[in-house]
Amino acid sequence: MQNASHPRAIRSAMATAALRLDQQIGARLKRAMLVLLAAWLAYFAIISMTARALNKVTVPFLDVPLANFLVAQGTAVIFVAALILMRALARTRR
């Protein structure tokens with residue numbers, strides 16, 4: 001019979017490698033999410049600072065002030081960017 005500790009050593013090595021991979025992906029995910037957060041905050045800060053001027057214009061067919069329309073579009077874009085980022089990181093994990 002072979003050494004009984006051999007499968008344990010393999011499992012231990014695999015667990016260590018998986019933990020290291022999770023830490024690397026976690027660091028990449030954290031960095032990417034912080035970049036997305038910074039972009040989101042910058043976008044909404046610019047919209048907030050210019051909201052009065054932008055609200056003088058209404059979006060045709062919707063009759064919505066332009067600042068409100070841009071906030072809605074920005075939210076959708078950031079959400080889609082976050083989904084794409086999560087999908088890309090999930091693919092690298094496989």
(request) Starting from the stretch 18-30, keep only residues that are in contact (Cβ under 8 Å) with a residue 12 or more places away in the chain, then list their pairs with residues that are part of a helix (DSSP H, G or I) and β-branched (Val, Ile, Thr) whose Cβ atoms are within a distance under 9 Å, requiring at least 6 positions of separation or different chains. (result) 25/92; 28/92
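Somewhere in the stretch 49-60, is a residue on the phi > 0 side of the Ramachandran plot, loosely packed, with under 10 Cβ neighbours inside 10 Å and free of Cβ contacts under 8 Å to residues at least 12 places away in the same chain?
So the first thing to find is which residues in the stretch 49-60 are on the phi > 0 side of the Ramachandran plot, and the list is none.
Scanning the stretch 49-60, I find no residue that is on the phi > 0 side of the Ramachandran plot, loosely packed, with under 10 Cβ neighbours inside 10 Å and free of Cβ contacts under 8 Å to residues at least 12 places away in the same chain, so the answer is no.
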(message) As an exercise: evaluate residue 63 against (1) at pLDDT below 85; (2) over 26 Å from the mean Cα position of the chain (by Cα) and give the number of the one condition it does not meet.
(response) (1)
(request) Scan the stretch 1-53 for residues that are over 30 Å from residue 90 (Cα atoms), part of a helix (DSSP H, G or I) and modelled with pLDDT under 75 and report the count. (result) 2
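The values are calculated or read from the model by the stated rules, or taken from the named source; none is laboratory data. All values reported here derive from a predicted model rather than from experimental measurement. We place every Cβ from the backbone using ideal geometry, glycine too, and count neighbours over all the protein chains shown.
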